[in-house]
(Lines give C-alpha, C1' and ligand atoms only; values in the text may rest on other atoms or scores of the structure.)
Protein backbone atom coordinates (compact mmCIF):
# COMPACT_ATOMS: atom_id res chain seq x y z
CA UNK A 1 0.00 0.00 0.00
CA UNK A 2 1.42 3.39 -0.95
CA UNK A 3 2.37 5.68 1.91
CA UNK A 4 -0.25 8.40 1.24
CA UNK A 5 -3.08 5.86 1.14
CA UNK A 6 -1.83 4.16 4.29
CA UNK A 7 -1.86 7.54 6.04
CA UNK A 8 -5.47 8.14 5.00
CA UNK A 9 -6.45 4.71 6.31
CA UNK A 10 -4.76 5.45 9.63
CA UNK A 11 -6.61 8.79 9.80
CA UNK A 12 -9.90 7.00 9.16
CA UNK A 13 -9.30 4.48 11.92
CA UNK A 14 -8.30 7.23 14.33
CA UNK A 15 -11.46 9.22 13.58
CA UNK A 16 -13.69 6.17 13.97
CA UNK A 17 -12.02 5.14 17.21
CA UNK A 18 -12.60 8.62 18.65
CA UNK A 19 -16.33 8.41 17.92
CA UNK A 20 -16.91 5.59 20.36
CA UNK A 21 -20.18 3.67 20.06
CA UNK A 22 -21.19 4.40 16.48
CA UNK A 23 -23.92 3.60 13.96
CA UNK A 24 -23.30 3.56 10.20
CA UNK A 25 -25.88 4.34 7.51
CA UNK A 26 -25.42 1.38 5.16
CA UNK A 27 -26.64 1.39 1.55
CA UNK A 28 -25.13 -1.90 0.46
CA UNK A 29 -22.58 -0.13 -1.75
CA UNK A 30 -18.78 -0.19 -1.69
CA UNK A 31 -18.23 3.08 0.21
CA UNK A 32 -20.47 2.34 3.18
CA UNK A 33 -19.40 -1.34 3.21
CA UNK A 34 -15.74 -0.34 3.50
CA UNK A 35 -16.60 2.25 6.16
CA UNK A 36 -18.57 -0.37 8.08
CA UNK A 37 -15.85 -3.02 7.89
CA UNK A 38 -13.18 -0.55 8.96
CA UNK A 39 -15.34 0.60 11.87
CA UNK A 40 -15.81 -3.03 12.88
CA UNK A 41 -12.05 -3.50 13.01
CA UNK A 42 -11.57 -0.64 15.49
CA UNK A 43 -14.87 -0.56 17.40
CA UNK A 44 -15.69 -4.24 17.69
CA UNK A 45 -19.13 -4.72 19.22
CA UNK A 46 -19.69 -0.96 19.64
CA UNK A 47 -21.13 -0.76 16.15
CA UNK A 48 -24.40 -1.25 14.27
CA UNK A 49 -25.56 -0.68 10.72
CA UNK A 50 -28.79 1.01 9.66
CA UNK A 51 -30.39 0.61 6.26
CA UNK A 52 -33.66 1.84 4.74
CA UNK A 53 -36.75 0.18 3.32
CA UNK A 54 -38.48 2.42 0.77
CA UNK A 55 -39.84 2.11 -2.79
CA UNK A 56 -37.05 4.48 -3.87
CA UNK A 57 -34.28 2.12 -2.76
CA UNK A 58 -33.69 -1.05 -4.84
CA UNK A 59 -34.53 -4.31 -3.08
CA UNK A 60 -31.26 -5.74 -4.46
CA UNK A 61 -29.32 -3.27 -2.35
CA UNK A 62 -31.21 -4.23 0.82
CA UNK A 63 -30.48 -7.89 0.11
CA UNK A 64 -26.80 -7.09 -0.41
CA UNK A 65 -26.72 -5.10 2.84
CA UNK A 66 -28.22 -7.98 4.81
CA UNK A 67 -25.79 -10.49 3.32
CA UNK A 68 -22.74 -8.34 4.05
CA UNK A 69 -23.75 -7.64 7.65
CA UNK A 70 -24.48 -11.32 8.25
CA UNK A 71 -21.05 -12.24 6.89
CA UNK A 72 -19.31 -9.59 9.02
CA UNK A 73 -21.52 -10.31 12.06
CA UNK A 74 -22.63 -6.71 12.33
CA UNK A 75 -26.14 -5.99 13.68
CA UNK A 76 -28.35 -4.47 10.97
CA UNK A 77 -31.44 -2.38 11.69
CA UNK A 78 -33.98 -1.24 9.11
CA UNK A 79 -35.65 2.17 9.07
CA UNK A 80 -38.94 2.47 7.20
CA UNK A 81 -39.43 5.46 4.91
CA UNK A 82 -43.10 5.84 4.03
CA UNK A 83 -44.91 8.06 1.54
CA UNK A 84 -46.45 10.13 4.33
CA UNK A 85 -42.92 11.02 5.48
CA UNK A 86 -41.83 12.38 2.15
CA UNK A 87 -44.21 14.96 0.68
CA UNK A 88 -41.37 17.37 -0.18
CA UNK A 89 -39.38 14.49 -1.64
CA UNK A 90 -42.30 13.11 -3.68
CA UNK A 91 -42.79 16.47 -5.43
CA UNK A 92 -39.33 15.81 -6.92
CA UNK A 93 -37.76 19.30 -6.73
CA UNK A 94 -34.08 19.80 -7.67
CA UNK A 95 -33.17 19.53 -3.97
CA UNK A 96 -35.11 16.26 -3.67
CA UNK A 97 -32.06 14.48 -2.24
CA UNK A 98 -31.84 17.02 0.58
CA UNK A 99 -35.40 16.33 1.77
CA UNK A 100 -35.01 12.56 1.47
CA UNK A 101 -31.61 12.44 3.18
CA UNK A 102 -32.78 14.75 5.95
CA UNK A 103 -35.83 12.62 6.80
CA UNK A 104 -33.87 9.39 6.50
CA UNK A 105 -30.99 10.53 8.69
CA UNK A 106 -33.36 11.96 11.30
CA UNK A 107 -35.04 8.55 11.54
CA UNK A 108 -31.70 6.76 11.75
CA UNK A 109 -30.41 9.15 14.42
CA UNK A 110 -33.54 8.57 16.51
CA UNK A 111 -33.35 4.79 16.14
CA UNK A 112 -29.61 4.71 16.84
CA UNK A 113 -29.97 7.02 19.84
CA UNK A 114 -32.65 4.78 21.32
CA UNK A 115 -30.14 1.92 21.19
CA UNK A 116 -27.42 3.95 22.89
CA UNK A 117 -25.31 4.93 19.89
CA UNK A 118 -23.70 8.34 20.31
CA UNK A 119 -23.01 9.11 16.66
CA UNK A 120 -24.03 8.24 13.10
CA UNK A 121 -21.72 8.03 10.08
CA UNK A 122 -22.45 7.90 6.36
CA UNK A 123 -20.32 6.85 3.39
CA UNK A 124 -19.81 9.89 1.16
CA UNK A 125 -16.29 10.08 -0.27
CA UNK A 126 -14.15 13.00 -1.46
CA UNK A 127 -15.31 12.65 -5.08
CA UNK A 128 -18.92 13.23 -4.05
CA UNK A 129 -18.24 16.94 -3.60
CA UNK A 130 -17.70 17.26 -7.35
CA UNK A 131 -21.34 16.57 -8.28
CA UNK A 132 -24.62 18.15 -7.23
CA UNK A 133 -25.18 16.47 -3.84
CA UNK A 134 -27.73 18.33 -1.70
CA UNK A 135 -27.87 15.28 0.55
CA UNK A 136 -24.46 16.23 1.94
CA UNK A 137 -26.02 19.42 3.28
CA UNK A 138 -28.56 17.42 5.26
CA UNK A 139 -25.85 15.27 6.79
CA UNK A 140 -23.84 18.33 7.84
CA UNK A 141 -26.89 20.05 9.36
CA UNK A 142 -27.69 17.01 11.49
CA UNK A 143 -24.14 16.43 12.67
CA UNK A 144 -23.84 13.13 10.82
CA UNK A 145 -20.19 12.25 10.24
CA UNK A 146 -18.68 11.56 6.80
CA UNK A 147 -15.34 9.95 7.73
CA UNK A 148 -14.28 8.94 4.20
CA UNK A 149 -14.82 12.50 3.04
CA UNK A 150 -13.08 13.93 6.11
CA UNK A 151 -9.99 11.84 5.39
CA UNK A 152 -9.91 12.85 1.72
CA UNK A 153 -10.51 9.33 0.42
CA UNK A 154 -11.53 9.32 -3.23
CA UNK A 155 -13.65 6.62 -4.88
CA UNK A 156 -10.72 4.83 -6.50
CA UNK A 157 -8.89 4.78 -3.16
CA UNK A 158 -11.94 3.40 -1.38
CA UNK A 159 -12.17 0.64 -3.98
CA UNK A 160 -8.47 -0.19 -3.57
CA UNK A 161 -8.78 -0.36 0.22
CA UNK A 162 -12.02 -2.34 -0.01
CA UNK A 163 -10.27 -4.88 -2.21
CA UNK A 164 -7.34 -5.14 0.20
CA UNK A 165 -9.73 -5.64 3.12
CA UNK A 166 -11.40 -8.59 1.38
CA UNK A 167 -14.70 -7.03 0.30
CA UNK A 168 -15.76 -9.23 -2.62
CA UNK A 169 -17.75 -6.50 -4.39
CA UNK A 170 -15.01 -3.86 -4.26
CA UNK A 171 -15.59 -3.09 -7.96
CA UNK A 172 -19.39 -2.95 -7.76
CA UNK A 173 -20.80 -0.08 -9.86
CA UNK A 174 -22.09 2.90 -7.91
CA UNK A 175 -25.81 2.93 -7.29
CA UNK A 176 -28.32 5.65 -6.50
CA UNK A 177 -31.92 5.75 -5.37
CA UNK A 178 -34.50 5.06 -8.06
CA UNK A 179 -35.84 8.61 -7.84
CA UNK A 180 -32.70 9.73 -9.69
CA UNK A 181 -34.15 8.11 -12.83
CA UNK A 182 -37.07 10.56 -13.02
CA UNK A 183 -36.78 14.18 -14.28
CA UNK A 184 -37.04 16.92 -11.66
CA UNK A 185 -40.56 18.27 -11.32
CA UNK A 186 -42.26 15.03 -12.31
CA UNK A 187 -43.97 13.64 -9.17
CA UNK A 188 -42.58 10.43 -7.74
CA UNK A 189 -44.96 7.53 -7.24
CA UNK A 190 -44.52 3.98 -6.03
CA UNK A 191 -45.75 2.71 -9.41
CA UNK A 192 -43.11 4.64 -11.37
CA UNK A 193 -40.32 3.51 -9.06
CA UNK A 194 -41.41 -0.12 -9.25
CA UNK A 195 -41.55 0.04 -13.06
CA UNK A 196 -37.99 1.36 -13.19
CA UNK A 197 -36.78 -1.27 -10.72
CA UNK A 198 -38.31 -4.11 -12.75
CA UNK A 199 -36.64 -2.82 -15.92
CA UNK A 200 -33.22 -2.40 -14.30
CA UNK A 201 -33.43 -5.82 -12.63
CA UNK A 202 -34.05 -7.41 -16.03
CA UNK A 203 -31.04 -5.67 -17.59
CA UNK A 204 -28.81 -6.50 -14.63
CA UNK A 205 -29.90 -10.14 -14.81
CA UNK A 206 -28.80 -10.10 -18.47
CA UNK A 207 -25.33 -9.12 -17.28
CA UNK A 208 -25.31 -5.37 -17.92
CA UNK A 209 -23.45 -3.55 -15.12
CA UNK A 210 -23.94 0.04 -14.09
CA UNK A 211 -27.08 0.35 -16.20
CA UNK A 212 -29.78 2.99 -15.65
CA UNK A 213 -33.34 3.17 -16.98
CA UNK A 214 -34.47 6.81 -16.96
CA UNK A 215 -38.21 7.46 -17.18
CA UNK A 216 -39.49 10.25 -19.42
CA UNK A 217 -43.08 11.32 -19.97
CA UNK A 218 -44.41 8.42 -17.96
CA UNK A 219 -43.95 5.84 -20.73
CA UNK A 220 -40.50 6.24 -22.34
CA UNK A 221 -37.43 4.35 -21.10
CA UNK A 222 -34.05 5.94 -21.82
CA UNK A 223 -31.42 3.28 -21.21
CA UNK A 224 -27.95 4.42 -20.15
CA UNK A 225 -25.13 1.89 -20.18
CA UNK A 226 -21.41 1.79 -20.88
CA UNK A 227 -20.61 2.48 -24.53
CA UNK A 228 -18.78 -0.84 -24.85
CA UNK A 229 -22.09 -2.55 -23.98
CA UNK A 230 -23.93 -1.02 -26.95
CA UNK A 231 -23.30 -3.92 -29.37
CA UNK A 232 -24.58 -6.56 -26.95
CA UNK A 233 -27.57 -4.46 -25.91
CA UNK A 234 -28.57 -3.87 -29.53
CA UNK A 235 -28.08 -7.54 -30.37
CA UNK A 236 -30.55 -8.41 -27.62
CA UNK A 237 -32.88 -5.51 -28.23
CA UNK A 238 -35.95 -7.65 -29.01
CA UNK A 239 -35.83 -9.34 -25.61
CA UNK A 240 -35.15 -6.01 -23.91
CA UNK A 241 -38.04 -4.24 -25.63
CA UNK A 242 -40.39 -7.10 -24.79
CA UNK A 243 -39.36 -7.09 -21.11
CA UNK A 244 -39.54 -3.31 -20.69
CA UNK A 245 -42.93 -3.14 -22.39
CA UNK A 246 -44.10 -5.85 -19.99
CA UNK A 247 -42.80 -3.66 -17.15
CA UNK A 248 -45.06 -0.82 -18.32
CA UNK A 249 -43.01 1.19 -20.80
CA UNK A 250 -44.33 2.00 -24.27
CA UNK A 251 -41.14 3.34 -25.89
CA UNK A 252 -37.66 1.91 -25.28
CA UNK A 253 -34.62 4.00 -26.29
CA UNK A 254 -30.84 3.87 -25.91
CA UNK A 255 -28.95 7.03 -24.91
CA UNK A 256 -26.06 7.32 -27.37
CA UNK A 257 -24.05 9.34 -24.84
CA UNK A 258 -23.81 6.27 -22.65
CA UNK A 259 -23.96 6.05 -18.88
CA UNK A 260 -22.89 9.06 -16.84
CA UNK A 261 -23.43 9.87 -13.20
CA UNK A 262 -26.17 12.39 -12.46
CA UNK A 263 -27.35 12.83 -16.04
CA UNK A 264 -30.66 14.22 -14.77
CA UNK A 265 -28.67 17.14 -13.33
CA UNK A 266 -27.66 18.27 -16.83
CA UNK A 267 -30.86 20.30 -17.16
CA UNK A 268 -29.76 22.30 -14.10
CA UNK A 269 -26.66 23.53 -15.92
CA UNK A 270 -24.28 22.16 -13.30
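Anything in the range 49-92 that is part of a strand (DSSP E or B) and without any contact (Cβ under 8 Å) to a residue 60 or more places away in the chain? List them, or say none.
First pass over the range 49-92, keeping only residues part of a strand (DSSP E or B): 49-53, 76-80.
49, 51, 52, 53, 76, 77, 78, 79, 80, listed by residue number.
Residues in the range 123-147 that are assigned to a loop (DSSP other than H, G, I, E, B) and under 15 Å from residue 100 (Cα atoms): 132, 133, 142, 144.
For the range 1-15, the set of residues classified as in a helix (DSSP H, G or I) and closer than 10 Å to residue 161 by Cβ consists of 5, 6, 8, 9, 12, listed by residue number. The condition of being closer than 22 Å to residue 21 by Cα and either surrounded by 15 or more Cβ atoms within 10 Å (Cβ to Cβ) or touching a residue at least 24 places away in the same chain (Cβ under 8 Å) (or both) holds for only one of 126, 111, that being 111. Can you tell me which residue among 18, 64 is under 26 Å from residue 161 (Cα atoms) and within 15 Å of the chain's Cα centre (by Cα)? Being under 26 Å from residue 161 (Cα atoms) and within 15 Å of the chain's Cα centre (by Cα) holds for just one of 18, 64, which is 64.
Yes or no: the range 195-204 includes at least one residue that is closer than 21 Å to residue 247 by Cα, surrounded by fewer than 20 Cβ atoms within 10 Å (Cβ to Cβ), without any contact (Cβ under 8 Å) to a residue 12 or more places away in the chain and not assigned by TED's automatic domain parsing to the domain that holds residue 64. Working first, answer last.
We begin by selecting, within the range 195-204, every residue closer than 21 Å to residue 247 by Cα; these are 195-204.
From what's left, surrounded by fewer than 20 Cβ atoms within 10 Å (Cβ to Cβ): 198, 201-202, 204.
Cutting the leftovers down to without any contact (Cβ under 8 Å) to a residue 12 or more places away in the chain gives us none.
No - not one qualifying residue is present in the range 195-204.
Selection within the range 204-218: residues that are modelled with pLDDT of 95 or more and part of a loop (DSSP other than H, G, I, E, B). The member of this set that is nearest to the chain's Cα centre (by Cα) is 211. Considering only residues of the range 63-92 that are modelled with pLDDT under 95 and in contact with a strand residue (DSSP E or B) (Cβ under 7 Å, 6 or more places away or on another chain), which is surrounded by the fewest Cβ atoms within 10 Å (Cβ to Cβ)? The qualifying residue surrounded by the fewest Cβ atoms within 10 Å (Cβ to Cβ) is 80.
The values are calculated or read from the model by the stated rules, or taken from the named source; none is laboratory data. Everything numeric here is computed off the predicted structure, so don't read it as measured data. Please note: Cβ atoms are built from the backbone with ideal geometry, for glycine as well, and neighbour counts cover all protein chains shown.
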